[in-house]
Amino acid sequence: MVHFSAEEKTAITSLWGKVNVEEAGGEALGRLLVVYPWTQRFFDNFGNLSSASAIMGNPKVKAHGKKVLTSFGDAIKNMDNLKGAFAKLSELHCDKLHVDPENFRLLGNVLVIILASHFGKEFTPGVQAAWQKLVAGVATALAHKYH
Amino acid sequence: MLSAQERARVAQVWDLIAGHEASFGAELLLRLFTVYPSTKSYFKHLGFCPDETQLLTHGQRMLEAVGVAVQHMDNLRAALSPLADLHAQVLRVDPSNFPLLIQCFQVVLASHLQGEFTVEMQAAWDKFLTGVAVVLTEKYR
């Protein structure tokens, strides 16, 4: 079970409060699909993914990104029990969506990079460490029910 | 490997780093050691809490090597051959650590360039640094 110190929780929640979930979600998913094009394999029905600008402007990418990041927000409310919080989503990603858990790690890393670009100097090494721990915890929780 | 557009983006970002190799390198190492403490196992000579001078010195060396790679994107193997030998025979850094360094590199770039760190730059640098890591570990066995 991942344990977050009070300092780590503060680093995470104080930044999260300033994040525009809709924008950041679209950006995170968009960047994942551009930087790691093989991840597009899960989104055949999303329409035009033919270029970086097509992907970043694609309304389905934005909508889905918002959905994913909103659920991430739930993780932040349940940092002490990520496995419990993501149990159902884990089953869904395994049984219905068939997503390789490596993709959760890739998306988590992309999210950290986006936060760094938004927050600049405020995104100190200590803050990055807390966030990398969180995204790793979420990725593990999402993979937990795989069989 | 890298298209002409990707090379242009790598060079474009490098122009923003050139001249600041020491401070970028130091921040890169500080982030690496803070976020992924196990990586410190390769830097025993810097001690458990490397000071600023040590980070700047070693960071500069690493970023200068990245600069060499940027100048020779069309022939990384030849340009990085001595470094590849060093990593294979002396340093023997487990290949799983390179993605950790690359993640921290991207975070350094993103936090400094902020809105200017476009998705195309991120894609080009990720691909470029991954290519450098492949060359550096190619002679391992």
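Structure notes:
- A:Leu97/B:Gln12 FRET efficiency (R0 30 Å; Cβ-Cβ; nearest 0.05): 0.20
- Region B:46-85: radius of gyration and largest Cα-Cα distance (Dmax), Å: 13.0, 38
- Part-to-part distance (alpha-carbon centres) for region B:1-46 and region B:63-141, which is given in Å: 8 Å
- Highest GNM mean-square fluctuation among B:Leu16, B:Leu28, B:Leu76, for chain B modelled with Cα contacts below 10 Å: B:Leu16.
- Reach of A:Lys96 by Cα under 19 Å, taken over lysines that are not fewer than 8 positions away in the same chain: A:Lys67, A:Lys83, A:Lys88, A:Lys145
- Among B:Phe128, B:Phe117, B:Phe98, the largest mean-square fluctuation in a Gaussian network model of chain B, built with springs joining Cα atoms closer than 10 Å, belongs to B:Phe117.
- Cβ-based net charge around A:Ala24, under 14 Å, with every Lys or Arg adding one and every Asp or Glu removing one: +2
- Pair A:Lys88, B:Lys139: separation of 7 Å Cα→Cβ label points (nm): 5.6 nm
- Straight-line cross-link reach from A:Lys133 at under 12 Å between alpha-carbon atoms covers these aspartates and glutamates, not counting any fewer than eight positions away in the same chain: A:Glu8.
- For chain A: accessible area per residue (Å², 1.4 Å): 49 Å²
- Applying 0.36 nm per residue to the separation of A:Asn20 and A:Arg41 and subtracting their alpha-carbon distance, the gain on full extension is 4.9 nm.
- Region B:1-72 shape via C-alpha gyration tensor axes, a/c threshold 1.5: prolate
- Taking the convex hull of the alpha carbon positions in chain B and averaging its projected area over all directions gives 8.1 nm².
- Enclosing the Cα atoms of the protein assembly as shown in their convex hull gives a volume equal to 140 cubic angstrom per residue.
- Taking label points 7 Å from Cα along the Cα-to-Cβ direction, A:Ser51 and B:Ser81 give a separation of 4.0 nm.
- On a per residue basis, region B:70-129 carries 45 Å² of accessible surface, using protein heavy atoms and a 1.4 Å probe.
- Solvent-accessible area of region A:17-147 (1.4 angstrom probe, protein heavy atoms only): carbon and sulfur portion equals 55 percent.
- Hypothetical label at B:Ser3: residues of region A:91-109 whose amide nitrogen lies under 12 Å (7 Å Cα-Cβ projection): none
- In the protein assembly as shown, the calculated helix contribution to ellipticity at 222 nm averages -21000 deg cm²/dmol per residue, counting -39,500 (n - 2.57) for every DSSP H run with n ≥ 4.
- With DNA, RNA and ligands ignored, accessible area of B:Thr137 (1.4 Å probe; Å², nearest 10): 30 Å²
- For the residues A:Leu82, A:Leu69, A:Leu92, a GNM of chain A with alpha-carbon springs under 10 Å puts the largest fluctuation on A:Leu92.
- Cα gyration tensor shape of chain A, rounded if a/c is under 1.5, else prolate or oblate by comparing a/b with b/c: oblate
- Using the Karplus relation 6.51 cos²θ - 1.76 cosθ + 1.60 with θ = phi - 60°, the per-residue 3J(HN,Hα) values for region A:9-21 come to 4, 5, 4, 6, 5, 5, 6, 4, x, 9, 8, 7, 4 Hz, with x marking Gly and Pro.
The values are calculated or read from the model by the stated rules, or taken from the named source; none is laboratory data. These numbers come from a predicted model, not from an experiment. Note that we place each Cβ from the backbone using ideal geometry, even for glycine, and neighbour counts take in every protein chain shown. Side chains are part of the model used for accessible areas, which takes the heavy atoms of the whole protein and leaves out ligands, DNA and RNA. Shrake-Rupley method; radii C 1.70, N 1.55, O 1.52, S 1.80 Å.
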